[in-house]
Every structure is written in C-alpha cells, then in structure tokens.
Amino acid sequence: MTPMSAQLPFDAGFGVYIHWPFCASKCPYCDFNSHVRHAPVDEARYVAAFRREIAHQAELAPGRTVSTIFLGGGTPSLMRPGTVGAILDAVAANWAVAPDVEVTLEANPTSVEAARLRGYRAAGVNRVSLGVQAMNDRDLVALGRLHSAEEAMAAVKVAASVFDRYSFDLIYARPDQTPGAWAAELKEAIGHAAEHLSLYQLTIEPGTMFERLRDAGKLVVPDADAARALYETTREVCEAHGLPAYEISNHARPGAECRHNLVYWRYGEYAGVGPGAHARLATATGRLALSTELVPENWLAKVEAEGHGVTEVERLSPESQGDEFLLMGLRLVEGVDQARYEALAGRTLDPRRIDDLARERLVERTPDGKLRVTREGFPVLDAIVADLAA
Ligand SMILES: C[S@@+](CC[C@H](N)C(=O)[O-])C[C@H]1O[C@@H](n2cnc3c(N)ncnc32)[C@H](O)[C@@H]1O
Ligand code: SF4
C-alpha cells in the first residue's frame, strides 16, 4: 500500500495548483495574493523557479498520478502561452499525468487575454475560468474591473469556440442589487454559460479598499437578510436552468463540476506551487500542510537559493484534519461521510449537536447516510462548521 492510499482510503485524485501572483491592476474587493508590477515580469526566471518547486514537492509526494492542474491567481492569463506550456511540461516531468487530466486556467476577459486562449489550448490547457464578475458596465466600473460587459461576452464566445469546457465567475450582493435585477442578470449569464458558473457573494475582506470605503460610509452592501434573498435567487435560477449548486458558490450541469476544486472540498491531496500557494500532502509520516512565501520577489529569491519557496510545514494533528475536512466538505451539496471524519479526527461528531442543527433545519442526512448542510443552512455555513467542530 502506498503512503497515499494509507492516508486516503478513497479516490479523491491528486491535484497540482500553480499560483501566478500578478495582475494588471488591483481590484478594490480582492484580498488574494495578487500584485501589480510596472516593470515587465521575467517569465523565464519564474518558469525556472516553478520547475524547481515542482521537483521539490514531487520529492515529498512521489509516484502520484496527477488528475487535475489549476493555474490560478492573480491573473494567469497575463502569462505567455509558452510559459504555461513550460510549467505543464515541468508537472509532467515529475509525476505521471492521467490521460483525462483536467487543466484549468483562470483568465480575465479582456480582449488581449482572449486573444491568447488558443495558445493556452495548444500548451495543454483544456478548461478556462473567466472572471466576468458583472454583466453591466456600471457595476464593472464599481468593481474596479478593466473590461466592459461587451468585451467579457466576446471573451466568453472565444472561450466557447476554443475549449470544450469553460466557466465564468460573477460576484453578487453588490450595492443596491435587488433579487429581481440579479435574477435577470443571472438568466442572461446562463444564456452564455455552457456547463459551469461560479457565483460568489461579495465579501468585504479585511485590508481591502472596499473595507475602507464601507467603514467610511461610502459603500453600502446588502445586509444579511438581503444577501440571503440573493443567495436564494441564485440557487433557484440556476436550478431551474439545469445548473444546480454542487457547492455553496459553484453550479454545474451534473458531471461538469470543476474536478480540481472537488479535490480540495473532498479533502484530497494536492501540491501547491508558486508565491502564497498551499499544499496538503499525504506522506508516510502524516498529512502535511505546506505554505509558501507570499511576496513574488522573495519567493523567487528563496527558490533560487534553496530549491523551494516553502516557509512552513505543519504535520496536521488528527483534530486539525477533522476541522479542515468539515470546513471543506460541508461546502459541498453532497455532504460529508462521518466515518471518514472519524478516521481523520479520531473522534465522533457530537450526535446532540447534529440533532440540534437538524431540528433547526440547518443540516440533514442524505439518502446514502452522509451529513449535509441544507439550503437554509448555507447562508450560516461558518457558524454550522464552528458548532460541529467545537
Ligand atoms: C482571485 S480571482 C482570480 C481570477 C481573475 N484574476 C479575475 O479576477 O477574474 C477568483 C475569483 O474570486 C472572486 N472574488 C475575489 N474576491 C472576492 C470578494 N471579495 N468577494 C467575492 N468574490 C471574490 C472573483 O469572482 C474572482 O473571479
Ligand atoms: S480579482 Fe482577480 S484581477 Fe482583481 S486583483 Fe484579484 S486576482 Fe487580480
């Protein structure tokens, strides 16, 4: 038995996440590890560093077969297609790659980036996720985006002509957004979607420009009740149009789910390469959580000096594994397997807490015996997880 199968008695696959940390401008709501640089980025130097960090993680997790690769950001569509190809080659040089591997790249829908999509396909990408965010120019400006709605739909059209699989992201619960307006916008979006949509409720993240504006009274976002109504609209409209939620923010035709993100949510194993990437590797000595240096230039210098950018390696305790498993798995509509929780955490979930939450209709049992959050429960998911993990 390999160390991996000893840790994971089910087939979650093995994912590789690659983080490209640069953006053309910083969006006022975003707290991802994304940086704007005015001097050109030396892509060849980054490729050499990615190669070394991929080799380092392959030493920690050898012999895996990669089932999914995700190039996320930041804005990976700022990379030249040749850079993407070289990174994918480095993955294939260090691990076996499944014949049906899913390779997703996040792209911003400007015309410049749309023009590169064909090149990405030639480099080995087979799925794109476009950050459309809103279907009208007024809200795109308010979100600080660099593209127009027309440009975004043109990019979606190019994606549809180049890839069999594509998705796009929208942000809802924007200032003044009503359920009626959101339903109409969502229906328009679904008209352009094929199999998958990511629909994120706007979150005011600490340290962002939106937080400063909100605190100064210059940005008013929907309150909890209004946000709940918008969430309900999201679920209803998507379900009615054949794209049911499979995760709190993600909707797909059955079978078209993002397999990479399922690796995270099903608490599988993944490498994480690049500035600020995270990994969870199942080794002979336990499940490791790796974090890498956040600042791109510091990450680069560290990799060049030491062969990797890893700043922290934590051997996760059974309790932490149980907590992470719940935090990730309860986001999924399919729910979580309690026996797996017990195997990871070394304890059972408190049946009284489950009963209390079930009485409040916040959780329920699935026909196959899993525990899942109900539709009413999803708007208070964090509180449910905290309650069950306590
Ligand atoms: C980190 S971005 C990367 C993709 C790409 N750079 C873009 O902006 O389109 C991934 C997605 O996270 C979502 N997102 C980022 N910050 C958010 C926030 N504060 N609230 C809700 N969604 C957010 C956006 O929908 C975005 O498309
Ligand atoms: S939302 Fe996307 S484009 Fe905007 S700053 Fe964040 S990562 Fe960059």
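The alpha-carbon atoms of segment 139-235, seen along their principal axes, cover 44, 28, 20 angstrom, with the largest extent given first.
Scaling against 2.2 N^0.38 Å puts the C-alpha radius of gyration of segment 192-319 at 1.41.
Mean-square fluctuations from a GNM of the chain, with a 10 angstrom spring cutoff on Cα atoms, peak among V237, V132, V84 at V237. With N the number of residues in segment 320-390, Rg(Cα) / (2.2 N^0.38 Å) evaluates to 0.97. Straight-line cross-link reach from K187 at under 23 Å between alpha-carbon atoms covers these lysines, not counting any fewer than eight positions away in the same chain: K157. The residue list G85, A252, C23 was ranked by how far each Cα lies along the charge dipole of segment 14-264 toward its positive end, using unit charges on Cβ atoms, and G85 comes out on top.
Across segment 251-353, Cα pairs under 8 Å and at least six residues apart give a relative contact order of 20 percent. Legend: Rg and Dmax of segment 94-151, from Cα coordinates, 14.6, 47 Å. Output the relative contact order of the chain, whole-number percent, from Cα pairs under 8 angstrom with separation of 6+ residues. Relative contact order comes out at 16 percent. Comparing segment 255-365 with the 2.2 N^0.38 Å rule of thumb, its C-alpha radius of gyration ratio is 1.31 (two decimals).
A crude spin-label estimate for the pair E232 and L381, with each label 7 Å from Cα along the Cβ direction, gives 1.9 nm.
Taking amide H positions as modeled 1.01 Å from N, with prolines and chain starts lacking one, the residues under 5 Å from V103 and 5 or more places away or on another chain are I69, N126, R127. Computed 3J(HN,Hα) for segment 81-92, one whole-Hz value per residue from the Karplus formula 6.51 cos²θ - 1.76 cosθ + 1.60 where θ = phi - 60°, is x, x, 5, 4, x, 5, 5, 5, 4, 5, 4, 5, glycine and proline marked x.
Between the alpha-carbon centres of segment 315-335 and segment 53-83 there is a gap of 24 Å. Rounded to the nearest 20 debye, the dipole magnitude of segment 1-115 is 300 debye, with +1 charges on Lys and Arg beta carbons, -1 on Asp and Glu beta carbons, and the Cα centre as origin.
When Rg and the Kirkwood Rh are both derived from Cα coordinates, the Rg/Rh ratio for the chain amounts to 0.95. Dividing the helix sum by the residues of the chain, where each DSSP H run of 4 or more adds -39500 (n - 2.57), gives a mean residue ellipticity at 222 nm of -12000 deg cm²/dmol.
Report ³J(HN,Hα) in whole Hz for each residue of segment 241-257, in order, from the Karplus equation J = 6.51 cos²θ - 1.76 cosθ + 1.60 where θ = phi - 60°; Gly and Pro get x. Result, ordered by residue: 10, x, 10, x, 5, 10, 8, 3, 10, 10, 10, 8, 5, x, x, 9, 4 Hz.
Put simply, the Cα atoms of segment 235-293 extend 46, 25, 15 Å along their principal axes, the longest span coming first. Between F210, F70, F168, the residue with the greatest mean-square fluctuation in the GNM of the chain (Cα pairs under 10 Å linked by springs) is F210.
For segment 344-361, putting each phi into the Karplus relation 6.51 cos²θ - 1.76 cosθ + 1.60 with θ = phi - 60° gives couplings of 6, 8, x, 8, 9, 6, 5, x, 5, 5, 4, 4, 4, 5, 5, 4, 7, 6 Hz, in residue order, rounded to whole numbers and with x for Gly and Pro.
Values quoted throughout were computed directly from the atomic coordinates according to the rules given, and no laboratory measurement underlies them. Remember, predicted model here, so these are calculated numbers, not experimental data. Neighbour counts run over all protein chains shown; Cβ positions are idealised from the backbone, glycine included.
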